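Quick one: this structure, given as structure tokens, is what I'll be asking you about.
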Amino acid sequence: MMRIAKVELRRVRLPLVHEFQTSSHAKKYLEHILVALTSTDGAVGWGEIASPSGPFYSAETVESCWAVSRSFLAPIVLRTEWEHPSELAAALGKVRGNHFARAGFDVAAWALWSGMRGEPLASALGGSRERVEAGVSLGIEPTIDDLLAQVSSRVAEGYRRVKLKIAPGWDVLPVRAVRSAFPSVPVHVDANGAYAVSDISVFQDLDTLGLLMIEQPFAPRDLVAHATLQESLETPVCLDESVEDVADLVTALRLGAGRILNIKVSRMGGLTHAVRAHDLARSAGIPVWCGGMHEFGIGRAANVALSALPGFTLPSDVSGSDKYYARDVTTTPITCTDGFVDVPSAPGLGWDPDLDFIAAHTTDTFTS
Ligand code: OSB
Ligand code: MG
């Protein structure tokens, strides 16, 4: 039986090397919450709460995660005895929603548990890939030339697929420009729910461009609109924000709301639920890939481990640390070489927190 004796939370703020803009917001630095769980035996597992600062991707914010973690999640973790991380996830599941916050604790529990068993996190989750294929997510740029320059340098770095953020007013033209300048690069687009059903002509135009997929065109809960669009397009629709739990995925599959699923550890509420979504999608014949939330090295390590599962047949958003941060929170950065990130063979997460660097960038702490 495992018991957690100490919960430590740290708010850590790092500057982004390149400003990132989506359909809803722009950011120059990120603040995430690192979670360290210490067992009664003195073993430590780390997780990351990678919520954006504002409630534009989901309803959560860094502040809401901080408050819910302190007042509700930490007390649950301190009073729950568990043998497997899924048991802790079930206890955390008494808290409705708040998936980003729950994910930080769930990842820390998996890191601790796999580390104590001497097993790499990827294999503890059921993954067997030795390396995972990496794609890159590019934000909205000031001009099409700036976007082409970004694509050009990421392709030169070896990334296997490029995802372009789109928004009304920044869609068919930039995407067509990228397709004609880089005809052999697999490209997909991500709208973060910024379109309405009346924008159908944009998707009809995008449908002629040979894209890998169109990610989250409509609002998260409008699964019927996604199903209707999917029926009318050749290009697969991919769901991101629409699928927050396995029940959402069941509904989406029943409706035919998409042919591809983006699985994010944060959005699903942790690795336990991410693996369940993977299992269901796989049995339904839906290919999946691992999305990111600009994680620091701890959350990024969990994404790499998850991507080692067999259903992750499309490149994941697991770019190297250097795409986002001049220096990461782990003692060695996560690196992408020739479009692949190696899955570590060391026990647990496989990357260690850089305690001095973390301390130097911590803006607030909480211990209980
Ligand atoms: O929709 O995938 C998204 C970042 C912030 C909010 C939403 C999304 C993203 C990304 C980041 O695309 C991808 C990454 O972490 O590399
Ligand atoms: Mg997305």
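A short reminder: the numbers here are calculations on the coordinates, not readings from a lab. If you're wondering where the values come from, they're calculated on a predicted model, not measured in any experiment. So basically every Cβ, Gly included, is an ideal-geometry build from the backbone, and we count neighbours across all protein chains shown.
Only counting other Cβ atoms within 10 Å, I'd like 125, 173, 271 sorted with the fewest neighbours first.
Final ranking by Cβ density, sparse to dense: 173, 125, 271.
Going by average Cβ neighbours within 10 Å, how do the peptides 233-244, 338-349 rank, with the highest at the top?
On the way: 233-244: 21.7, 338-349: 18.6.
Descending mean neighbour count gives 233-244, 338-349.
Extending each Cα 7 Å along its Cβ direction at residue 360 and residue 29, get the distance between those two points in nm, one decimal.
The two pseudo-label positions are separated by 1.4 nm.
In a shell of Cβ-Cβ distance under 13 Å around residue 62, excluding residue 62 itself, what net charge do Lys and Arg (+1) and Asp and Glu (-1) give?
Neighbour charge sum, excluding residue 62 itself: 0.
Another question, then. Taking a temperature of 20 °C and a viscosity of 1.002 mPa s, what whole-number D in µm²/s does Stokes-Einstein yield for segment 123-342 with Rh from Kirkwood over alpha carbon pairs? List each step's numbers first, then the result.
Working: Rh = 17.5 Å.
Taking Rh from Cα pairs, D becomes 123 µm²/s.
So, one more: Rg and Dmax in Å for segment 26-184, alpha carbons only: what are they?
Taking only Cα atoms of segment 26-184, I get Rg and Dmax of 20.1, 58 Å.
If each DSSP helix of 4+ residues adds -39,500 (n - 2.57) and the sum is divided by the residues in the chain, what number results at 222 nm, nearest 500 deg cm²/dmol?
Details: 14 runs with 130 residues, N = 368.
That calculation yields -10000 deg cm²/dmol at 222 nm.
Could you tell me what percent of the DSSP beta bridges with both partners in segment 123-342 are antiparallel, to the nearest 5?
About 20 percent, rounded to the nearest 5.
Something else: Can you compute 3J(HN,Hα) from phi for each residue in segment 15-32, using the Karplus curve 6.51 cos²θ - 1.76 cosθ + 1.60 with θ = phi - 60°, rounded to whole Hz and x for Gly and Pro?
Going residue by residue, I get x, 7, 6, 9, 4, 10, 10, 10, 4, 10, 7, 10, 9, 10, 8, 10, 10, 10 Hz, with x marking Gly and Pro.
Could you give the nm distance between label points at residue 221 and residue 130, where each point is 7 Å from its Cα heading toward the beta carbon?
The two pseudo-label positions are separated by 4.8 nm.
Additional query: What residues from segment 30-47 fall in the zone where the backbone N is under 18 Å from a label point 7 Å along the Cα-to-C-beta line of residue 3?
37-45
Pairs 28/264; 6/323; 27/94; 6/94; 264/323: which are spaced more than 28 Å apart, C-alpha to C-alpha?
6/323; 27/94
Can you work out the Karplus-derived ³J(HN,Hα) for every residue in segment 211-221? Use 6.51 cos²θ - 1.76 cosθ + 1.60 with θ = phi - 60°, whole Hz, and x for glycine or proline.
7, 5, 5, 10, 8, 6, x, 10, 4, x, 8
A further question on this structure: Relative to the present Cα-Cα distance, how much length would full extension add between residue 56 and residue 208 at 0.36 nm per residue of separation?
51.7 nm
Non-local amide H neighbours of residue 163 (under 5 Å, H modeled in plane, Pro and chain starts lacking H): which ones?
Distant-sequence amide H within range of residue 163: 136, 137, 138, 188.
State, as an integer percentage, the relative contact order of the chain based on alpha-carbon contacts under 8 Å between residues 6 or more apart.
Once normalised by length, the contact order is 22 percent.
Whole number please: convex hull volume per residue of the Cα set in the chain, in Å³?
Output value, Cα hull per residue: 117 Å³.
Next question. What order do you get for 254, 179, 161 when you list them from fewest to most C-beta neighbours inside 10 Å?
With the fewest neighbours first, 254, 179, 161 line up as 254, 179, 161.
Another question about this same structure. Using modelled amide H (1.01 Å from N, peptide plane; none on Pro or chain starts), what sits under 5 Å from the amide H of residue 215, excluding residues fewer than 5 places away?
Placed amide hydrogens put 189, 190, 191, 238 under 5 Å from residue 215.
Rounded to the nearest 5, what is the percent of antiparallel bridges among the DSSP beta bridges in the chain?
The antiparallel proportion sits near 60 percent.
Continuing with the same structure: Report the local net charge at residue 363: Lys and Arg +1, Asp and Glu -1, summed over other residues whose C-beta lies under 13 Å from its C-beta.
0
Using 0.36 nm per residue, how much length does the chain from residue 346 to residue 84 gain when fully extended, once their Cα-Cα distance is taken away?
Additional length available on full extension: 92.4 nm.
Report, in whole Å, the centroid distance computed from the Cα atoms of segment 308-360 and segment 1-70.
Measuring centre to centre over Cα atoms gives 16 Å.
To the nearest 0.05, what FRET efficiency results for residue 338 and residue 177 with a Förster distance of 35 Å applied to their C-beta separation?
Working: r = 26 Å, r/R0 = 0.74.
According to the calculation, E is roughly 0.85.
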